[in-house]
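Presented below is the structure to which this report refers.
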Amino acid sequence: MAATANASSLHNVFVYGTLMADEVVRTILKRVPPASPAILNDYHRFSIKGRVYPAILPVESKKVKGRVLLGITDQELDKLDSFEDVEYERRTVEISLLDKSEKLLANAYVWSDKNDPNLYGEWDFEEWKRLHKKDFVTMTLGFMDDLEQPDSKTRVATYESYFHQGQSP
């Protein structure tokens, strides 16, 4: 039993926002893991006032299209936790794979404040890719470089300093 305690377990992570872009995932994990299109039922993907990334919260009869990253290591999950920061909490959810019509459990980052007045509408991945992806990848590179420093900033602080230095909202 002790021999397996040190073995790293692999995780599935459902992504629905900026992490659907391979460039963002590669910047954080230094690789793009295998992924499959997936749906998370009974959740809604909101836009957030003043942010370019989305939030999800449970909403009956809604669904969020995204993808599941497969084979995420413990170390990679730690990096994703740091990236998602305190604004999100990691939860285990059941997702449906689109290409295999099977269900599986995955981690998902759910917005921490379920009564946040800044959530509205529906976040649009295609619009984000067109308007914000380039800047977001640059910000993520800065965050990952900073993460390796002893006095690293949180992702929220990195985001706010990057996107409020003369960047248009």
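Can you pull the percent of region 10-165's accessible area that's carbon plus sulfur, 1.4 Å probe, other chains left in place? Mind showing how you got there, number by number?
Numbers: 3910 of 8040 Å².
Percent of accessible area from carbon and sulfur atoms in region 10-165: 49.
Residue by residue, what Karplus-based ³J(HN,Hα) values in Hz, rounded to whole numbers, does region 124-135 have, using 6.51, -1.76 and 1.60 with θ = phi - 60° and x for Gly and Pro?
10, 4, 4, 5, 4, 4, 5, 9, 10, 4, 4, 5
Can you run the Rg to Rh ratio on region 22-88? Use alpha carbon positions and the Kirkwood inverse-distance Rh.
0.98
Accessible area per residue of the chain at 1.4 Å probe, in Å²? Provide the component values of the computation, followed by the final result.
Numbers: 9290 Å² over 169 residues.
With the other protein chains kept in place, the chain gives 55 Å² per residue.
Label points 7 Å out from Cα along the Cβ direction at residue 104 and residue 74: separation in nm?
If labels sit at residue 104 and residue 74, their model points lie 2.1 nm apart.
What does the charge dipole of the chain about its Cα centre add up to, to the nearest 20 debye, if the Cβ of each Lys and Arg holds +1 and the Cβ of each Asp and Glu holds -1?
Numbers: 22 positive and 27 negative charges, 97 e Å.
That gives the chain a dipole magnitude of about 460 debye.
When every alpha-carbon pair in the chain is counted, what percent end up more than 26 Å apart?
Working: 3906 of 14196 pairs.
Tail of P(r) above 26 Å: 28 percent of Cα pairs.
Can you tell me the FRET efficiency between residue 151 and residue 122 if r is taken as the Cβ-Cβ distance and R0 is 35 Å, rounded to the nearest 0.05? Kindly include the intermediate steps, with their values, before the conclusion.
Details: r = 38 Å, r/R0 = 1.08.
Efficiency, rounded to the nearest 0.05: 0.40.
What residues have an amide H closer than 5 Å to that of residue 59, excluding those fewer than 5 places away on the same chain, when H is modeled at 1.01 Å from N in the peptide plane?
For residue 59, the qualifying residues are 43, 44.
Quick one: 3J(HN,Hα) in Hz for region 52-61, Karplus 6.51/-1.76/1.60 with θ = phi - 60°, rounded, Gly and Pro as x.
With the stated coefficients, region 52-61 comes to 9, 10, x, 9, 10, 9, x, 9, 4, 6 Hz.
Give a residue-ordered list of calculated ³J(HN,Hα) values for region 24-38 (Karplus: 6.51 cos²θ - 1.76 cosθ + 1.60, θ = phi - 60°; whole Hz; x for Gly, Pro).
3J(HN,Hα) across region 24-38, in whole Hz: 5, 4, 4, 5, 7, 9, 6, 6, 10, x, x, 9, 9, x, 8.
Lys/Arg Cβ at +1, Asp/Glu Cβ at -1, dipole of region 10-165 taken about the Cα centre: which of 112, 55, 159 is farthest positive-ward?
With unit charges placed on the Cβ atoms, the residue in question is 55.
The values are calculated or read from the model by the stated rules, or taken from the named source; none is laboratory data. None of these values were measured; they are calculated from a predicted model. Reconstructed Cβ throughout: ideal geometry from the backbone, glycine too, with neighbour counts over all protein chains shown. Surface areas here come from the heavy atoms of the whole protein model, side chains and all, with no ligands, DNA or RNA. Shrake-Rupley method; radii C 1.70, N 1.55, O 1.52, S 1.80 Å.
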